[in-house]
1. In what sequence, highest mean first, do 230-239, 184-193 appear when ranked by Cβ atoms within 10 angstrom?
2. Once every Cα of region 140-221 carries one equal point scatterer and solvent is ignored, give the base-10 log of I(q)/I(0) from the Debye formula at q = 0.14, 0.19 Å⁻¹, two decimals.
3. Find the centroid of the Cα atoms in region 137-179 and in region 225-242, then give the distance between the two in whole Å.
4. I want to check the label-to-label distance for residue 3 and residue 42. Put each point 7 Å from Cα in the C-beta direction and report it in nm to one decimal.
5. How would you classify region 107-169 from its alpha-carbon gyration tensor, with a ≥ b ≥ c the square roots of the eigenvalues: rounded for a/c under 1.5, else prolate if a/b is greater than b/c, otherwise oblate?
6. Compute the Cα gyration tensor for the chain, then decide on rounded, prolate or oblate, letting a ≥ b ≥ c be the square roots of its eigenvalues: rounded whenever a/c is under 1.5, prolate when a/b is larger than b/c in the other cases, and oblate in all that remain.
7. Take every DSSP beta bridge with both residues inside the chain and express the antiparallel ones as a percent of the total, to the nearest 5.
8. Hey, what did the chain get for relative contact order, percent, Cα under 8 Å, at least 6 apart?
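Computed from the coordinates by the stated procedures, all read-outs in this text should not be read as laboratory data. Quick caveat, the model's predicted, so the values are computed rather than measured. Reconstructed Cβ throughout: ideal geometry from the backbone, glycine too, with neighbour counts over all protein chains shown.
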């Protein structure tokens, strides 16, 4: 039997509030992260991701209190990240109630951090977040909230991250983020074919067909979205019913 594909709402936060923009810019307020996390749990989400998207850029401490409050409201797995620079940061997030941690900029600067975290927390708790922008025939990794290209090829970096024991890849297309123009299926497929671990597709979702395409053609194990759920453009239950009707294995909402 095929594993169920996961639907994951993402809560990008800037301080204490959820924010959403387009291509990581022009941010607008989208609500309270704790209330939204609880709502998505009730509505049938498989997991929730909460990210402090300004933590690395602004050198702010990781938002442990927000994670602690959100974890109390959830019966589903919680992934958290933003400004996690070392094992002590990751432990603080896990002790606050997160099931998994994401690392991005810090892992690019010190790839050994992935192995350190996996050894301490278990590979299943370590998610390598990759923000990728189209560059010629490929995609380049960007860091510090997607603002700085770092010269790494996204597919090669994902493969290296998996070798260093990242248990999952959270792959965001900067070009598609917030545009509601559909996932970058080519990017997702390239990464999914290059790694032996689950890939979460992120950036560009709008319609049920977008999710169907990234699961069937992009080979994604999970799909993440933000604004379509925050703005009530698509209900999780409706999305799962559509996917099930097309033969995609999903958990009941």
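1. Details: 230-239: 15.8, 184-193: 20.8.
Ranking, from highest mean packing down: 184-193, 230-239.
2. -0.44, -0.79
3. 25 Å
4. 3.1 nm
5. Cα axes put region 107-169 in the prolate bin.
6. rounded
7. For the chain, the DSSP antiparallel bridge percentage is about 30.
8. Once normalised by length, the contact order is 18 percent.
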